[in-house]
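A.B. asks: Handing you this structure, nothing more for now.
The values are calculated or read from the model by the stated rules, or taken from the named source; none is laboratory data. The structure displayed is predicted, hence computed values, not measured ones. Cβ placement follows ideal geometry from the backbone for every residue including glycine, while neighbour counts extend to all protein chains displayed.
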Protein chains: 2
Amino acid sequence: MSEIAQTPNPPYYAVIFTNIRTDIEEGYGEMAERMVELAKQQPGFLGVESARDGLGITVSYWTDLDAIKLWKDNVEHVEAQRLGHKKWYAAFTTRIAKVERDYSF
Amino acid sequence: MSEIAQTPNPPYYAVIFTNIRTDIEEGYGEMAERMVELAKQQPGFLGVESARDGLGITVSYWTDLDAIKLWKDNVEHVEAQRLGHKKWYAAFTTRIAKVERDYSF
């Protein structure tokens with residue numbers, strides 16, 4: 001189970017990745033796990049939250065747009081995006097958003 | 001199953017509500033369903049996406065901050081927030097973010 005990300009005070013950025021999978025399981029679990037490990041090593045990574053029940057939602061948090069750009073262009077991630085497009089996702093939307101306020105309980 | 005929200009061109013706003021439930025089921029399902037119905041009737045509502053597997057993530061989309069404020073202060077929603085705090089959620093974080101870019105497949 002994913003946990004609530006511990007993020008610093010705003011502003012920071014969120015990448016909201018909402019997706020619907022195909023029926024193709026081959027390689028998906030390993031890729032998903034590897035991408036989280038890899039993201040954690042990226043400069044500017046702040047945290048990630050993930051849930052799925054039919055619809056999948058993954059929100060990753062980043063210090064700034066440059067960090068998001070670097071992650072998008074990471075060689076291994078580019079290959080995962082290519083395979084995601086081709087095999088694993090029937091549909092997805094990615095939204096890049098600036099977190100202006102947050103509160104927790 | 002929730003679907004990928006069909007949102008207009010950015011900018012617009014996202015409310016990312018990440019939460020962990022308590023064991024208390026009483027009234028939760030009805031409340032969650034009612035809040036989605038109610039949100040859809042609010043001015044400035046654009047869409048909602050939701051998933052849970054342990055961690056729950058609900059992202060609602062809004063035209064602007066005023067619409068989010070109106071929704072936060074909606075009488076029925078205020079009562080749901082009070083009960084959520086008291087009964088249904090062990091922990092949550094709410095983040096208000098301005099969507100600057102998006103892309104879909």
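A.B. asks: When residues of the stretch A:6-32 are filtered for being within 24 Å of B:Thr58 (Cα to Cα), more than 9 Å from chain B (Cβ to nearest Cβ), of a type in the set (A, V, I, L, M) and in contact (Cβ under 8 Å) with a residue 60 or more places away in the chain, how many remain?
C.D. replies: Going through the stretch A:6-32 one residue at a time, the tally reaches 1.
A.B. asks: Filter the stretch A:1-21 down to the residues that are surrounded by 13 or more Cβ atoms within 10 Å (Cβ to Cβ) and more than 18 Å from B:Ala5 (Cα to Cα) and list them by number.
C.D. replies: A:Ser2, A:Glu3, A:Ile4, A:Ala5, A:Thr7, A:Pro10, A:Pro11, A:Tyr12, A:Tyr13
A.B. asks: Further question: Look at B:Ala51 and say whether it is among the small types (Gly, Ala, Ser), over 20 Å from A:Arg95 (Cβ atoms) and within 12 Å of the chain's Cα centre (by Cα).
C.D. replies: Taking the combined requirement at face value, the residue does not satisfy it.
A.B. asks: How many residues, within the stretch B:33-65, are of a type outside the set (S, T, N, Q) and either within 17 Å of A:Phe17 (Cβ to Cβ) or within 14 Å of chain A (Cβ to nearest Cβ) (or both)? Outline the logic, then answer.
C.D. replies: Residues of the stretch B:33-65 of a type outside the set (S, T, N, Q): B:33-40, B:43-49, B:51-57, B:59, B:61-62, B:64-65.
Subsequent filtering for residues that are either within 17 Å of A:Phe17 (Cβ to Cβ) or within 14 Å of chain A (Cβ to nearest Cβ) (or both) retains B:36, B:46-49, B:51-57, B:59, B:61-62, B:64-65.
Total meeting the criteria: 17.
A.B. asks: Can we say A:Ile68 is at the interface with chain B (Cβ under 8 Å from one of its Cβ atoms), of a type in the set (Val, Ile, Thr) and either farther than 20 Å from B:Gly54 by Cβ or surrounded by 14 or more Cβ atoms within 10 Å (Cβ to Cβ) (or both)?
C.D. replies: Answer is no for this residue.
A.B. asks: Separate question: Tell me, please, whether a residue that is touching a helix residue (DSSP H, G or I) at 6+ places or on another chain (Cβ under 8 Å) and among the charged types (D, E, K, R) can be found in the stretch A:52-61.
C.D. replies: no
A.B. asks: Just the residues that are of a type in the set (Gly, Ala, Ser) and either touching a helix residue (DSSP H, G or I) at 6+ places or on another chain (Cβ under 6 Å) or over 17 Å from A:Pro8 (Cα atoms) (or both), please, taken from the stretch A:62-87.
C.D. replies: A:Ala80, A:Gly84
A.B. asks: On to the next question. Looking at the stretch B:54-65, which of the residues that are within 13 Å of the chain's Cα centre (by Cα) and β-branched (Val, Ile, Thr) is farthest from A:Gly54 (Cα to Cα)?
C.D. replies: Filtering first and then ranking leaves B:Val59.
A.B. asks: So which residues in the stretch A:71-105 are loosely packed, with under 13 Cβ neighbours inside 10 Å and away from every other protein chain (no Cβ under 11 Å), if there are any at all?
C.D. replies: Across the stretch A:71-105, the qualifying residues are A:Asp73, A:Val75, A:Glu76, A:Val78, A:Glu79, A:Arg82.
A.B. asks: Looking at the stretch A:1-24 only, could you name the residues that are in a loop (DSSP other than H, G, I, E, B) and modelled with pLDDT of 95 or more?
C.D. replies: Selection gives A:Ile4, A:Ala5, A:Gln6, A:Thr7, A:Pro8, A:Asn9, A:Pro10, A:Pro11, A:Thr22, A:Asp23, A:Ile24.
A.B. asks: Something else now. Being surrounded by fewer than 18 Cβ atoms within 10 Å (Cβ to Cβ) and more than 26 Å from A:Arg101 (Cα to Cα) is the filter here, so list the residues in the stretch A:32-41 that pass it. It would help to see each step written out before you state the result.
C.D. replies: We begin by selecting, within the stretch A:32-41, every residue surrounded by fewer than 18 Cβ atoms within 10 Å (Cβ to Cβ); these are A:32-34, A:36-38, A:40-41.
Passing the criteria: A:Ala32, A:Glu33, A:Arg34, A:Glu37, A:Leu38.
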